[in-house]
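Reviewing the structure listed below.
None of the figures in this text is laboratory data; all of them are computed from the coordinates on show. The structure presented is a predicted model; accordingly, all values stated were derived computationally and were not measured. Positions of Cβ are generated from backbone atoms using ideal geometry, with glycine treated the same way; all protein chains shown enter the neighbour counts.
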Amino acid sequence: MNKNLYMIMCHKNLDQVLLLSKTMLTADSDVVVHVDSSVSDDKYMSFLNEAKNIPNFYVTDERMHGVLDTRSLVDIVFIMLSHVKKKDLTYKNYCLLSGQDFPIKPVNEINKNLLENYPTLHIDCTPYDTSNWICPKFKSTPWLLKFRKSTLRKLKSKNPVRKLLEKAIPKLQNFLELLKQTSYDKLTRIGVSLYGGSAWWILPDTAIDFIYNEYINSSKTVKYLLETRTPEETFFQTMIMRSPYKNDVHINPVHQVEQTCKTWAYFSDKNKPFTGHPYVFTINEFDKLRDSSFWFARKFDIQQDHEIIELIQKHLIN
C-alpha cells in the first residue's frame with residue numbers, strides 16, 4: 001500500500017485525539033490509535049464508535065497502561081503494529097505520535113515528502129557514552145527499577161521507610177554495578193552497541209518489519225533492552241542500528257542534546273524553568289511554531305489553550 005500510517009498513543013483528551021486523527025487522515029495516510037487502559041470504558045467505547053464511522057481509522061481493541069520509563073510504551077507501539085498487520089494492511093512509512101501532538105506543517109506536504117523520499121529514516125540517534133545522557137538509561141538493574149516503580153512509589157514521601165530506602169538504593173545500585181549486573185553489562189556481554197534518542201520517529205516499512213520480527217521472536221537483545229530505564233528512548237535506536245539499514249541512519253555527535261527527529265518536544269525556554277517534561281504550547285508560542293522547521297510539535301492541551309490549535313489549523317496546515 002503506497003500510504004503512510006500514523007500511530008497515535010493517547011491517555012486523555014479523546015476529543016483532541018479525534019481532532020488530531022481526522023487531521024492526519026488523507027488519501028495518502030491512515031491512522032491507528034491506542035487508547036490507554038486508564039481511560040474509562042465509557043469514553044473508550046464512545047471513541048471507538050466514532051472511529052467506526054471514519055474510513056481508514058483504526059482503534060486497537062487491546063489496551064494497556066503506558067508508564068514513562070517502562071517497556072509499556074514500547075509494547076504499545078507493537079500493539080498498534082499488530083492491529084494493522086492482522087488486517088493485512090501495509091504501509092510505506094510508519095510515524096509514531098502522541099495524542100498531545102499536532103502537525104505544524106501541511107499534512108499533504110508531509111505525506112508527499114515521506115513517499116517521495118522513501119525509504120528515508122527519521123530517527124534521533126545518539127551513541128552511548130559514559131559521559132552523555134544515555135548512560136544512566138543503561139546503568140540500571142532491572143529488578144531495582146521495578147522496586148523503585150512499584151514498592152517505593154506506593155510509600156508517601158514523608159514515610160521514614162521510604163526515606164531510608166531512597167538513601168540505600170543508590171549504594172545498592174553502585175554495588176550491583178561492581179558485580180556487573182546492570183542492563184549495560186548484560187547487553188554489552190552479547191555484543192550490543194547502545195544508542196538513544198527521542199521517543200518519536202518515522203521509519204520505513206523495511207525497518208519496521210525488521211524490528212517487529214525481532215520483537216515477536218523475543219531475542220535476548222530485545223529482552224534486555226526492554227529491561228532498561230526509559231526503553232522508549234533507547235529500544236528503537238538500538239534496534240535500528242542492529243538492522244541492515246544502520247548505514248542509512250544519521251548519527252548525532254556523542255554529546256548532542258538537541259533532538260533531530262521531526263517532532264519538536266518543547267522542553268526548553270529561556271523564560272521558563274526546566275522541568276524535565278515538555279511544556280504545553282499556548283497561543284504565546286505561535287510565532288515559534290510558525291518559524292519552526294519541525295513537522296510536528298508537542299505538547300498541546302485544548303483544555304488549557306484551544307486557540308493555539310485553531311491558529312495552527314488556519315495559518316499553518318491548510
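Miscellaneous remarks
- Simple spin-label estimate for Val257 and Asn284 in nanometres, 7 Å along Cα-Cβ: 2.1
- For the stretch 21-91, a Kirkwood hydrodynamic radius built from all Cα pairs, placed in the Stokes-Einstein relation at 37 °C and 0.692 mPa s, yields a translational diffusion coefficient of 253 µm²/s.
- Using alpha-carbon coordinates, inclination of helix 107-116 to the longest axis of the chain, degrees: 70
- Contact order for the stretch 166-240, expressed relative to its length and based on alpha carbon pairs under 8 Å spaced 6+ residues apart, stands at 40 percent.
- Qualifying trypsin sites (Lys or Arg not before Pro) in the stretch 212-287, DSSP loop, other Cβ atoms within 10 Å at most 12: Lys270
- Degrees, to the nearest 10: 205-217 long Cα axis against longest axis of the chain: 40
- Summed residue charge, Cβ within 12 Å of Thr126's Cβ, Lys/Arg positive, Asp/Glu negative: -3
- Computed FRET value (nearest 0.05) for Asp269 with Lys180, which takes r as the C-beta separation and R₀ as 30 Å: 0.15
- Using a Förster distance of 22 Å, the FRET efficiency for Asn56-Asp15 (Cβ separation, nearest 0.05): 0.65
- Calculated FRET efficiency for the pair Asn159/Lys112, C-beta based, R₀ 35 Å, to 0.05: 0.05
- Straight-distance crosslink candidates among aspartates and glutamates, where the alpha carbon sits under 17 Å from Lys223 and sequence neighbours closer than 8 are dropped: Asp69, Asp75, Asp185, Glu214, Glu232, Glu233
- Crossing angle, helix 160-178 versus the chain [Cα axis fit, 0-90 degrees, rounded to tens]: 80
- Helix-only CD estimate at 222 nm, as mean residue ellipticity for the chain, using -39500 (n - 2.57) per DSSP H run (n ≥ 4): -11500 deg cm²/dmol
- Positive contributions from Lys and Arg (+1) and negative ones from Asp and Glu (-1), summed over other residues with Cβ under 10 Å from the Cβ of Asp101, come out at +2.
- For the chain, the antiparallel share of DSSP beta bridges with both residues in that region comes to about 35%.
- Other residues with beta-carbon under 12 Å from the beta-carbon of Tyr184 carry, at +1 per Lys or Arg and -1 per Asp or Glu, a net charge of +2.
- Beta bridge orientation in the stretch 1-69: antiparallel %, DSSP, nearest 5: 10
- Sites matching trypsin sites (Lys or Arg not before Pro) across the stretch 119-219 that sit in DSSP coil, with at most 15 neighbouring C-beta atoms within 10 Å: Lys156, Lys158, Lys180
- Karplus-derived HN-Hα couplings along the stretch 192-198 (A = 6.51, B = -1.76, C = 1.60, θ = phi - 60°), whole Hz, x at Gly and Pro: 9, 7, 9, 9, x, x, 4
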